[in-house]
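The values are calculated or read from the model by the stated rules, or taken from the named source; none is laboratory data. None of the values given here were measured: they were computed from a predicted structure. So basically every Cβ, Gly included, is an ideal-geometry build from the backbone, and we count neighbours across all protein chains shown.
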Amino acid sequence: MSKAPQLVSAESTEKAKNVSAIDQKETERRVKVIMAMGYPEGLARSRLSEAGNNVERAVNLLLEEHTDEHGLRRKRRCIKELRNGLLGDPFALHKNIERMMQDRRCAQTLTEMVNGRSLEIMQGLLDLSSSSDDEDEDQQESSSPSSG
């Protein structure tokens, strides 16, 4: 009687190995599909794993990351332009805001930032201002001859 359970166990193990090999091949194929879209292998594997081996969901995760990254960069650029304008001529600031509002993406970003987030905008302007001041001081120190 003890041989029967071992036989079933051996068959189950063999089936599991076959299923695992098929899954690995399928996963590799899916990774290659995502890599063919221009994504690095590590990122493709990681997002595919997060998406439960679903290529469409993995690609959506990658696209959301990409969109968020660009949105953040655009927001920083708009805030930096505003900050630079705030410190100068009011007429130039007005012209600068008009120009920024003509750019559809920048206008959308500014509108999103202003809607209920004026405190965040002011904090962002202050943060960028202080980091810019630090950069200016570093540049001045490195360009001036040291006296030590």
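This table checks each residue for (1) exposed (fewer than 11 other Cβ atoms within 10 Å of the Cβ); (2) assigned by TED's automatic domain parsing to the domain that holds residue 23; (3) out of contact with any Ser or Thr (no Cβ under 8 Å at 6 or more places or on another chain); (4) at pLDDT below 65.
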| residue | (1), (2), (3), (4) |
| --- | --- |
| 44 | no, yes, yes, no |
| 59 | no, no, yes, no |
| 63 | no, no, yes, no |
| 76 | no, no, yes, no |
| 83 | no, no, no, no |
| 94 | no, no, yes, no |
| 110 | no, no, yes, no |
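Can you say whether residue 116 is at pLDDT below 75 and on the phi > 0 side of the Ramachandran plot, as far as the supplied structure shows? Yes, satisfied. Considering (1) modelled with pLDDT of 65 or more; (2) surrounded by 10 or more Cβ atoms within 10 Å (Cβ to Cβ), the lone condition that residue 12 does not fulfil carries the number (1). Would you call residue 52 at positive phi, outside any helix (DSSP H, G or I) and modelled with pLDDT under 80? Answer is no for this residue.
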